[in-house]
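Here the structure comes first, spelled out in structure tokens, and everything after it is commentary.
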Amino acid sequence: WSSMKLPSRPELFDFEGVSMVHYFTDNWEKVKNFQARPDDILIATYPKAGTTWVSYILDLLYFVMMLQMPFLESCFKVIASGTELADNLTTSPRLIKTHLPVQLVPKSFWEQNSRIVYVARNGKDNAVSYFHFDRMNMGEPEPGDWNTFLQKFIEGKKVFGPWYDHVSGWWEKKQTYSNLLYMFYEDLVEDTGREVERLCSFLGLSTSVEEREKITKGVQFDAMKQNKMTNYSTIPVMDFKISPFMRKGKVGDWKNHFTVAQNEQFDEVYKQKMKNTTVKFRTEI
Ligand code: A3P
């Protein structure tokens with residue numbers, strides 16, 4: 001095991017105006033031409049915003065077990081690509097996850113009027129979580145130290161592009177596309193049960209109160225951290241000695257990372273980059 005060579009970290013490059021690594025562009029023709037179905041549910045997020053959490057909730061609402069959920073744009077070679085996995089899914093609905101910014105989503109999702117659940121997380125905690133993820137995940141570009149990482153995050157030089165454009169682009173989409181539920185990580189932490197209920201009403205599910213309570217309990221951080229299917233402990237490119245996938249699960253952990261100067265810089269840039277959007281985030285609850 002110790003002599004097993006981990007793949008070298010991939011380089012970041014510009015792809016249609018968005019920073020990417022090849023794992024998410026190698027299969028692009030198939031991604032672009034992907035055939036969505038009207039009953040598909042797409043879970044869209046910026047990386048580290050709570051993808052796994054909401055995916056697991058949806059999975060429990062529909063199937064009561066964790067299936068291998070296709071990650072649409074992924075092409076890791078050692079496993080089937082996201083489009084291949086999705087094409088072969090026979091479930092209804094199909095649950096599919098993506099980190100694509102809204103402008104890169106395959107057009108058939110819009111044509112089929114598929115349901116989409118977007119999850120957003122405040123930029124400060126999102127950056128911290130992404131930093132620790134990049135440290136332990138050899139499938140990501142080298143993060144450098146915290147300040148180096150933060151500067152790249154602020155510049156939008158991260159896989160899947162700028163956080164700012166991602167969260168605001170999807171927010172704008174919501175104004176014209178009604179089959180989109182826009183959720184916040186902070187709301188999920190504050191009251192998971194309430195958010196599960198919101199999900200059910202968006203999806204038109206008449207899940208019983210007891211069932212919802214059971215699911216709410218099963219998706220709490222500690223339960224998911226113990227669960228082999230949700231803690232990613234079986235993924236070889238991740239080094240859990242550096243940082244676990246289920247790391248902290250808190251709102252406000254940024255306070256343990258940002259210096260006063262970094263916080264002022266972040267707030268300043270934030271004002272500028274988010275001046276044309278009405279989306280509002282909470283950095284504490
Ligand atoms: P932290 O690194 O801040 O702990 P994604 O699934 O999009 O990669 O997001 C991962 C982040 O969501 C991690 O954040 C992880 O701990 C958090 N997360 C996952 N499940 C959670 C849960 N049940 N409750 C709270 N946070 C959760």
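Throughout, read-outs are computed from the coordinates displayed, never taken from laboratory work. Owing to the predicted nature of the structure, the values given are computational and were not obtained by experimental measurement. All Cβ positions, glycine included, derive from the backbone under ideal geometry; neighbour counts span all protein chains shown.
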Completion exercise
Taking first residues from the stretch 41-65 that are within 19 Å of Phe24 (Cα to Cα) and more than 14 Å from the ligand (Cβ to nearest atom) and second residues anywhere that are part of a strand (DSSP E or B) and of a type in the set (A, V, I, L, M, F, W, C), the pairs with Cβ under 8 Å that are 6 or more apart or on different chains are Leu42/Ile96; Leu42/Ile116; Leu42/Val117
Practice task
Could you tell me whether any residue of the stretch 75-97 is within 23 Å of Val189 (Cβ to Cβ) and either surrounded by 21 or more Cβ atoms within 10 Å (Cβ to Cβ) or away from the ligand (no atom under 15 Å from the Cβ) (or both)?
Solution key: yes
Exercise for the section: Would you be able to tell me the number of residues in the stretch 5-37 that are among the aliphatic types (A, V, I, L, M) and not in a loop (DSSP other than H, G, I, E, B)? Expected result: 3
Exercise for the section: From the list Lys228, Lys214, Lys271, pick out the single residue that is in a helix (DSSP H, G or I), more than 11 Å from the ligand (Cβ to nearest atom), out of contact with any Cys (no Cβ under 8 Å at 6 or more places or on another chain) and more than 26 Å from Trp170 (Cβ to Cβ). Expected result: Lys214
Exercise for the section: Looking at (1) assigned to a helix (DSSP H, G or I); (2) farther than 25 Å from Tyr270 by Cβ; (3) without any contact (Cβ under 8 Å) to a residue 40 or more places away in the chain, find the lone condition where Ser206 falls short. Expected result: (1)
Problem - Where a residue in the stretch 123-142 is farther than 15 Å from Phe24 by Cβ and its partner, wherever it lies, is of a type in the set (Val, Ile, Thr) and buried (at least 20 other Cβ atoms within 10 Å of the Cβ), with Cβ under 7 Å and at least six apart - result: Asp125/Val251
Fill in the blank from the handout: Filter the stretch 240-267 for residues that are polar (S, T, N, Q) and within 14 Å of the ligand (Cβ to nearest atom); the one that is surrounded by the fewest Cβ atoms within 10 Å (Cβ to Cβ) is Asn256
Exercise for the section: Return yes when Ala120 is among the hydrophobic types (A, V, I, L, M, F, W, C), more than 25 Å from Gln175 (Cα to Cα) and crowded, with 21+ Cβ neighbours inside 10 Å and no when it is not. Expected result: no
Exercise for the section: Collect the residues in the stretch 268-284 that are in contact (Cβ under 8 Å) with a residue 40 or more places away in the chain, exposed (fewer than 13 other Cβ atoms within 10 Å of the Cβ) and either on the phi > 0 side of the Ramachandran plot or under 22 Å from the mean Cα position of the chain (by Cα) (or both), keeping them in residue-number order. Expected result: Thr278
